[in-house]
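Please treat every number below as a calculation from the coordinates, not as lab data. Not measured: the values here are computed from a predicted model. Virtual Cβ from ideal backbone geometry, glycine too; neighbours counted across all protein chains shown.
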Amino acid sequence: MEYLHGFDKKEQDRLIHQAQFLEPFVYAGVDLKKVNRLLEVGCGVGAQSKILLKRFPKLKITGVDFSAAQLHVAAQYLKKPIKDGKVELLQQDAQALDLEHKKYDAAFLCWFLEHVPEPLKVLKRVYKHLKPGAQIILTEVFNQSLFMEPYSPNYLKYWFEFNELQWGMKGHPFAGAQLGHLLKEAGFKSINVEFRPLHFDSRNPKQRSEFIEFFFQILLSAETQLLDQKKVTSDQVTKMYKEVALAKKAKDSVFFYSFARATAVR
Ligand SMILES: C[S@@+](CC[C@H](N)C(=O)[O-])C[C@H]1O[C@@H](n2cnc3c(N)ncnc32)[C@H](O)[C@@H]1O
């Protein structure tokens with residue numbers, strides 16, 4: 001199956017770094033203290049599962065992913081909690097999710113629906129696996145929101161092609177804006193969608209530089225594919241590198257990106 005970021009070791013390490021780096025933003029307002037059985041769909045290499053267990057040690061997590069390569073890494077990364085019976089990992093396509101246990105207390109999906117051709121199918125399947133009154137928590141991209149000052153045309157063109165590439169793979173780079181509709185269609189109630197800004201300027205230059213670099217690594221995760229498919233030229237890529245280097249140094253630079261957080265109840 002096609003997947004934007006690929007499954008190599010560099011990408012798997014990036015997922016672990018990403019989860020740790022964004023933890024304060026992703027977990028703000030997440031309270032799973034009263035939850036026992038948690039369904040984590042699109043668990044990848046287990047990067048979020050580890051954070052979830054650290055924050056909510058009582059959880060028992062079922063992690064689902066369709067990639068054997070990701071689950072293989074997750075099995076190593078979560079060796080102890082798996083041994084202790086705190087985590088089980090299952091290989092399934094989430095669009096046809098069918099688990100033995102159908103009464104989860106909550107579901108957690110993070111940076112996931114953007115990669116699925118039919119996100120509504122996933123949400124309908126998750127719905128079926130939740131207890132009435134159980135909460136679903138989603139964290140999703142909204143790639144339209146990226147902005148960087150000084151004006152960086154090659155960076156923005158590359159980003160456009162990055163999103164085109166994902167769109168061509170039947171992904172959803174703007175999924176964050178669709179969550180309210182999708183949750184409603186799937187039958188969920190008490191839907192709340194909010195956008196969380198990552199906005200850094202000269203007031204916090206260290207964080208600004210870290211975020212510019214962090215996003216740069218996301219862009220680079222598709223560099224080979226974009227070049228191979230001739231969606232960008234190596235000249236554009238070189239210019240984009242320069243724009244990023246400038247933005248990291250410039251006194252007045254600005255980084256802005258907003259992701260979406262949705263919660264709802266079955
Ligand atoms: C960007 S990663 C996010 C992983 C994890 N949630 C995290 O935040 O670290 C997306 C994951 O979705 C998985 N995936 C993509 N499409 C899938 C599908 N249809 N069913 C199950 N997993 C899928 C990929 O294998 C990948 O591990």
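Name the single residue, out of those in segment 182-197 being of a type in the set (Gly, Ala, Ser) and outside any loop (DSSP other than H, G, I, E, B), that is farthest from ARG125 (Cα to Cα). Result: SER190.
Can you tell me which residue in segment 72-84 is surrounded by the most Cβ atoms within 10 Å (Cβ to Cβ), limited to those that are under 23 Å from ILE137 (Cβ atoms) and away from the ligand (no atom under 11 Å from the Cβ)? Checked segment 72-84; the qualifying residue surrounded by the most Cβ atoms within 10 Å (Cβ to Cβ) is LEU78. More than 30 Å from PRO197 (Cβ to Cβ) and within 14 Å of the ligand (Cβ to nearest atom): does that describe VAL122? The answer is no for VAL122. For first residues located in segment 183-205 and at positive phi and in contact (Cβ under 8 Å) with a residue 60 or more places away in the chain, partners that are surrounded by 12 or more Cβ atoms within 10 Å (Cβ to Cβ) and assigned to a helix (DSSP H, G or I) and lie 6+ apart or on another chain with Cβ distances below 6 Å form the pairs GLY187/TYR127. Taking (1) within 20 Å of LEU219 (Cα to Cα); (2) in contact with a strand residue (DSSP E or B) (Cβ under 7 Å, 6 or more places away or on another chain) in turn, ILE16 satisfies each apart from (2). Among the residues of segment 218-245, those identified as in a helix (DSSP H, G or I) and surrounded by fewer than 14 Cβ atoms within 10 Å (Cβ to Cβ) are THR224, ASP228, SER234, ASP235, THR238, LYS242, ALA245.
Scanning segment 89-119 for residues that are within 8 Å of the ligand (Cβ to nearest atom) and among the aromatic types (Phe, Trp, Tyr), we see that the one that is surrounded by the fewest Cβ atoms within 10 Å (Cβ to Cβ) is TRP111.
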